[in-house]
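What follows is a single structure, written as structure tokens, with notes after it.
The values are calculated or read from the model by the stated rules, or taken from the named source; none is laboratory data. As the structure is a computational prediction, the values presented were derived from the model and not from experiment. Don't worry about glycine lacking a Cβ; one is built from the backbone with ideal geometry, like all the others, and counts go over all protein chains shown.
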């Protein structure tokens with residue numbers, strides 16, 4: 001069903017109007033893992049809109065370089081880097097390259113991830129590792145590399161992690177991703193405690209549905225309109241909203257914010273009532289564990 005016409009649906013300002021000054025990140029460099037597309041690119045753009053130099057990191061060098069080239073249109077320096085975040089030597093080399101090209105990395109956005117629907121009993125070891133190692137190992141390796149460098153310089157910094165709102169409930173067909181995203185949230189809290197004395201803040205966003213060109217959200221009969229009718233806010237998230245919140249947590253405007261997992265899901269995690277559609281076990285769903293193909 002569609003969202004009723006009489007429902008008020010709050011929408012964000014135009015994409016070119018970020019909620020902070022255009023120079024709030026001036027003189028700083030952010031490294032964005034998985035920044036070549038989707039939510040990572042939204043993060044990269046949001047930091048660039050605040051004047052940060054941006055290192056776009058991803059396994060696909062051409063995609064990372066193309067994203068970096070697009071960011072230069074915003075009047076900032078940007079550089080694309082190839083890196084597999086599961087490999088510590090590559091992570092260290094990526095930081096070296098970013099700092100040689102753009103200057104010391106003072107901000108970090110951990111976005112690199114992978115996901116696909118599969119029932120828990122059907123997850124192979126390779127499939128489990130493909131999802132969990134990118135999110136868990138990648139977040140750990142990038143964050144600790146970042147922290148060691150900031151501590152050595154005697155300077156603070158900020159980290160934002162891309163988690164998910166289903167870390168508290170799980171999600172059909174997502175045992176691998178739910179475990180990985182929950183680990184990210186736990187690391188967020190623990191690292192914030194460890195590094196607070198060094199002026200390093202660590203936060204995460206438990207993101208809901210933010211459809212984009214490489215996501216599976218909305219790929220079902222009825223498309224995105226069907227999905228939006230299930231969200232209390234009346235719509236899925238706009239990807240630049242996610243980017244803005246990610247960047248906002250790293251601004252001086254939120255200098256006292258650390259160790260927090262912020263839910264940004266249009267109220268979807270609150271959608272619990274007696275009047276809900278009948279539950280269909282994931283294995284019995286004709287259109288796949290996620291409810292769409």
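Number of residues in the range 1-26 that are surrounded by fewer than 11 Cβ atoms within 10 Å (Cβ to Cβ) and modelled with pLDDT of 95 or more: the value is 1. Scanning the range 225-267 for residues being under 16 Å from the mean Cα position of the chain (by Cα) and not in a loop (DSSP other than H, G, I, E, B) gives a total of 14.
Every residue, every condition in (1) out of contact with any strand residue (DSSP E or B) (no Cβ under 8 Å at 6 or more places or on another chain); (2) under 26 Å from residue 47 (Cβ atoms); (3) surrounded by 23 or more Cβ atoms within 10 Å (Cβ to Cβ), yes or no:
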| residue | (1), (2), (3) |
| --- | --- |
| 91 | yes, yes, yes |
| 112 | no, yes, yes |
| 117 | yes, no, no |
| 138 | no, yes, yes |
| 145 | yes, yes, no |
| 148 | yes, yes, no |
| 172 | yes, no, no |
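Among all positions in the range 65-80, there is no residue which is closer than 30 Å to residue 175 by Cβ and either surrounded by 16 or more Cβ atoms within 10 Å (Cβ to Cβ) or over 21 Å from the mean Cα position of the chain (by Cα) (or both).
Is it the case that some residue within the range 188-196 is surrounded by 18 or more Cβ atoms within 10 Å (Cβ to Cβ), modelled with pLDDT of 95 or more and under 17 Å from the mean Cα position of the chain (by Cα)?
Checked the range 188-196: at least one residue is surrounded by 18 or more Cβ atoms within 10 Å (Cβ to Cβ), modelled with pLDDT of 95 or more and under 17 Å from the mean Cα position of the chain (by Cα).
With the requirement that a residue be in contact (Cβ under 8 Å) with a residue 40 or more places away in the chain and out of contact with any helix residue (DSSP H, G or I) (no Cβ under 9 Å at 6 or more places or on another chain), what does the range 9-26 give you? Answer for the range 9-26, where residues must be in contact (Cβ under 8 Å) with a residue 40 or more places away in the chain and out of contact with any helix residue (DSSP H, G or I) (no Cβ under 9 Å at 6 or more places or on another chain): 10, 11. Only residues in the range 257-279 that are within 21 Å of residue 3 (Cα to Cα) count as the first member; pair them with residues that are surrounded by fewer than 17 Cβ atoms within 10 Å (Cβ to Cβ) and at pLDDT 80 or above, Cβ under 8 angstrom, at least 6 apart or cross-chain, and list the lot. Taking only residues 6 or more apart or on different chains, the pairs are 269/168; 269/169.
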